[in-house]
Amino acid sequence: MLSKQLELLVALQDLDCMLKEVEEVKALGFEAPGKEDLEKAREELAKKIEPRLLSTYNRLRKHYKRAIAPVKDNKCLGCFMQLPTSLSVRGRRDDEVITCQGCGRILYWLD
Amino acid sequence: MERGELALYFHDELFLPEMKATNKEEALEELVDLFVKNHIIRNKEIVLEMLRKREALGSTGIGKGVAIPHGRTLAAPDVMIAFGRSTAGIEYDSMDGQPVHLFFMVLAPPHDRSNKYLPLLGKLVEFISEDQVRQQLLEAKDFQEVIDLIVGE
Ligand SMILES: [Zn+2]
């Protein structure tokens, strides 16, 4: 079970990606009868996220295609800004929501 | 996408010749564990959560003993396939109710620059639809035989 706010945000973005691609995946031969259930699950998931974070997520999503950017080699892959190395230990714990100083996106450490 | 190109997304370290899982949840976990052990995925729970949600949308057990659990997740650095087999077969809530012997877990980042994810899924579905291919994949002795089969040699 996911409990940390950052994990919930990533799960929300993954779910938003999935919901957007349902028709494409169906066209490949997969069945997808549970779309409405999944939309409900998305609402349930969103309720677990602090309202302030959720509004940040929604605001970023309007501005960029995706609100959360992966970090690799200490670089935000949203805007390619080099992040302070001091952030990486904190970032990898997944228990804090850190935003990029360059683009404002929420950060998720890939490696 | 050419059939041979499929082979680029398979990796020796992401091949499980005989899975231990006995049910769907364990099967998903065992395959995700491969990505974790090989330091491809850092946060296992995020990936499992996405895959469970995908199964809630509709079973990825497409029938004839094949499951293709798949999805995009921010936790995946690249488009990759983990391939696992179960001789005994695993109950998977498949479209045809049959147990699954061949598992292809396809993970992709939210956005892959070359846009390979959907064509890859399509190619995989097509490839696996041949009866002979499924049989040969079950019988392949090692990873190299799997790759030879895919590239058609
Ligand atoms: Zn940035």
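The values are calculated or read from the model by the stated rules, or taken from the named source; none is laboratory data. Note that this is a predicted model, so its numbers are computed, not measured. All Cβ positions, even for glycine, are placed from backbone atoms using ideal geometry, and neighbour counts span all protein chains on display. Just the protein is used for accessible areas: all its heavy atoms, side chains included, with ligands, DNA and RNA removed. Shrake-Rupley method; radii C 1.70, N 1.55, O 1.52, S 1.80 Å.
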Check your understanding: Looking at this structure, is residue A:57 more than 8 Å from every other protein chain (Cβ to nearest Cβ), within 16 Å of the ligand (Cβ to nearest atom) and open to solvent by 20 Å² or more (accessible area, probe 1.4 Å)?
Key -> no
Practice item. Go through the stretch B:81-102 residue by residue and tally those that are in contact with a Phe, Trp or Tyr (Cβ under 6 Å, 6 or more places away or on another chain) and of a type in the set (A, V, I, L, M). Key: 2
Check your understanding: Taking into account only those residues within the stretch A:4-31 that are among the small types (Gly, Ala, Ser) and open to solvent by 20 Å² or more (accessible area, probe 1.4 Å), which is modelled with the lowest pLDDT?
Key -> A:29
**Study point:** Spans of strands (runs of 3 or more DSSP E) in the stretch B:1-88 with at least 1 residues aromatic (Phe, Trp, Tyr)
**Key:** B:10-16
Exercise for review: Check the stretch B:35-50 and report whether any residue there is surrounded by 18 or more Cβ atoms within 10 Å (Cβ to Cβ), touching a residue at least 60 places away in the same chain (Cβ under 8 Å), more than 25 Å from residue A:65 (Cα to Cα) and out of contact with any Lys or Arg (no Cβ under 7 Å at 6 or more places or on another chain).
Suggested key: yes
Study note, to complete from the structure: Per the list (1) in contact (Cβ under 8 Å) with a residue 40 or more places away in the chain; (2) surrounded by fewer than 17 Cβ atoms within 10 Å (Cβ to Cβ); (3) within 10 Å of chain B (Cβ to nearest Cβ), residue check on residue A:108 breaks on (2)
Practice item. Could you check how many residues of the stretch A:61-92 are under 19 Å from residue A:50 (Cα atoms) and open to solvent by 10 Å² or more (accessible area, probe 1.4 Å)? Key: 3
Check your understanding: Just a yes or no: is a residue in the stretch A:18-40 assigned to a helix (DSSP H, G or I) and touching a Gly at 6+ places or on another chain (Cβ under 8 Å)?
Key -> yes
Review point. Residue check, residue A:39 against (1) more than 16 Å from the ligand (Cβ to nearest atom); (2) open to solvent by 20 Å² or more (accessible area, probe 1.4 Å); (3) within 14 Å of the chain's Cα centre (by Cα); (4) modelled with pLDDT of 95 or more, all met but one. Which one?
Key: (3)
Exercise for review: Residue by residue through the stretch A:60-103, note down the ones that are within 11 Å of the ligand (Cβ to nearest atom), within 12 Å of chain B (Cβ to nearest Cβ) and either within 19 Å of residue B:46 (Cβ to Cβ) or touching a strand residue (DSSP E or B) at 6+ places or on another chain (Cβ under 8 Å) (or both).
Suggested key: A:68, A:69, A:70, A:71, A:77, A:78
Revision key, fill the gap. Inside the stretch B:49-94, the number of residues satisfying the requirement of being of a type in the set (Gly, Ala, Ser) and under 13 Å from the mean Cα position of the chain (by Cα) is 7
Study note, to complete from the structure: Filtering the stretch B:57-67 down to residues that are hydrophobic (A, V, I, L, M, F, W, C), more than 7 Å from chain A (Cβ to nearest Cβ) and without any contact (Cβ under 8 Å) to a residue 60 or more places away in the chain yields B:67
Practice item. Scan the stretch B:103-142 for residues that are in contact with a strand residue (DSSP E or B) (Cβ under 7 Å, 6 or more places away or on another chain) and in a loop (DSSP other than H, G, I, E, B) and jot them down. Key: B:109, B:110
Review point. Can you find a residue in the stretch A:29-41 that is hydrophobic (A, V, I, L, M, F, W, C), within 8 Å of chain B (Cβ to nearest Cβ) and touching a residue at least 24 places away in the same chain (Cβ under 8 Å)?
Key: yes
